[in-house]
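Data block below; observations after.
Throughout, read-outs are computed from the coordinates displayed, never taken from laboratory work. Since the model is a prediction, treat every value here as computed from it, not as a measurement. So basically every Cβ, Gly included, is an ideal-geometry build from the backbone, and we count neighbours across all protein chains shown.
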Amino acid sequence: MNICCIGAGYVGGPTMAMIARKCPDITVKVVDINKERIDAWNSEALPVFEPGLLEVVKESRGRNLFFSTDVDGGIAWADLIFMCLPTPTKTYGEGAGSAADMTYIEISARRIAELATGDTIIVEKSTVPVRTAETIRRILESQKNGARFQVLSNPEFLAEGTAVADLENPDRVLIGGESATEEGRKALQTLVDVYARWVPRERIVTTNLWSSELSKLTANAFLAQRVSSINAMSALCEVTGADVDEVAAAIGRDKRIGPYFLHASVGFGGSCFQKDVLNLVYLCGAFNLPEVAEYWRQVVKMNDYQRHRFARKVLHALFSTVSGKKIAVLGFAFKRDTNDTRESSAISICRDLLEERAKLAIHDPKVERAQFFRDLGRKDPDPSIAICKDPFEAAEGADAILILTEWEQFRSKNLDYAKIFALMRKPAFLFDGRNLTDLAKMREIGFVAEGIGKGR
Ligand code: NAD
Ligand code: UGA
């Protein structure tokens, strides 16, 4: 079988590398219009930082895994095509700020309609609004060149930073398809057989197309909602003397609630939670369900509140002015173990502080220099932004230190906070936006220390 994946991004690259590893008899081509990205996939410096990914790629690259900019060639050659294209929030026209921008999907569907030959299975891997498969099918069927298509939905549930482990050992693989027709059943079975090479059959779930598409949006909405729920409680903890980590541990013991995804934080980031919840909000509005739309919108509102609340807390603690003060920022990626900064809460917090004329000294172990400036909307160099090679350089002469990403190296056991304290101007403030440090120890060192949801 020949598999082509359109889109060599955070999902396309790792997912195809895993399929190629597990199915050495299948040839997999990952194609993208972005030459720089394709060159990086063909080098030792992959465009995506994921623990363990380079080894997986190297195992198959040049054997049955190929990265190329020949999008049209890949489409014409394939029996099965994965669409791993962006579906960002629309920034213009109707639905701006909430609906998904389907331009990339439509452009690719039209290319497929024109170039594919014989029987081809099209797999939606991107996260899409429910009923997108119908749109894709209509576009494909509008070309009468004799090719026949089956459309499947196969949303991806991997999380960044743990992509390799998630792909190797998924909780479930979800495949939606048309089981009413013989061709539909055959297409479903073809994709089931690919995953069944390494995923236990009982973890491969098949549904109708719309359930599959909607399950992906629902999963992200529920996960985002959990973070917003614990973050909402963190605000209440701070004014009542409760400790949000103790509350999370206590409620997490209930099997019906479970212990995962209850870490209070500076807010969720990443390319998907906000976009997918907003996509759901838009869909509910479009289907005339305003109460349902408002219910989910609140998840994003709470996240924005948590980000601004954190920046305000810093400002008020520092005697209500940060103008001209040096603030050290530890962590800029939206979570640990990734170089991805998309929608990172650190961006919102840094922007709020820059607005207050603070001078930022930022350190992140994986984010590249140019990315900080792009995200903060500033040109390099900028007198208000210094990018630092380590936490000590960032802390030198700073009034406050902010922990914004949960990198392991920022935990109190892994970083010499006494040395950091010694380097700072006094009083030295520490705002731990990820509850990584032992606040009692930090106060012993001399910091004026605050976490998230830690009532005093
Ligand atoms: P990405 O932006 O990293 O990658 C998309 C790639 O598509 C880019 O490299 C871009 O150059 C390429 N592309 C755009 N138009 C093209 C065209 N016409 N032909 C060929 N290539 C084209 O995006 P991503 O993070 O991989 O996400 C892809 C989809 O998967 C989204 O719908 C997202 O919601 C979903 N998803 C993402 C994650 C994640 O962790 N990032 C997890 C699950 C699902
Ligand atoms: C998330 C989902 O976990 C994946 O299943 C899904 O496939 C993916 O979105 C997607 O559709 O893109 P990801 O965004 O990579 O994955 O990372 P998460 O681990 O979910 O973290 C998201 C954000 O929530 C991060 O900023 C993280 O720091 C934050 N978070 C997470 C918390 O603040 N508290 C928690 O308890 C958990």
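Structure summary
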item: Dipole moment magnitude, nearest 20 debye, the range 77-122 about Cα centre, only Lys, Arg, Asp, Glu C-beta charged; result: 120 debye
item: Cα centre as origin, Lys/Arg/Asp/Glu Cβ charges: the chain dipole, Debye; result: 720 debye
item: Under 17 Å from the Cα of K379 - aspartates and glutamates, other chains or at least 8 residues apart; result: E355, E368
item: Residue-span extension gain [D304 to R256] - 0.36 nm each, minus C-alpha spacing; result: 14.5 nm
item: Estimated FRET transfer efficiency when R0 is 22 angstrom, pair E59-D119 (beta carbons, to 0.05); result: 0.15
item: Cα→Cβ-extended label distance, 7 Å offset, between A249 and T91, nm; result: 4.4 nm
item: Nearest-0.05 FRET efficiency for D25 and S211, computed from C-beta distance (R0 30 Å); result: 0.45
item: Taking the chain and dividing mean pair separation by its residue count, relative contact order in percent (alpha carbons under 8 Å, at least six apart); result: 12 percent
item: Förster radius 56 Å - calculated FRET efficiency between S412 and F287 (Cβ-Cβ, nearest 0.05); result: 0.70
item: Extended-chain gain in nm, criterion 0.36 nm per residue less alpha-carbon gap, D171 and E396; result: 76.5 nm
item: Residue-span extension gain [T69 to M1] - 0.36 nm each, minus C-alpha spacing; result: 22.4 nm
item: In degrees, nearest ten, helix 12-22 long axis to first principal axis of the chain (Cα); result: 60 degrees
item: In range of the label at R357: residues from the range 384-423 whose backbone nitrogen is under 12 Å from the point 7 Å along Cα→Cβ; result: none
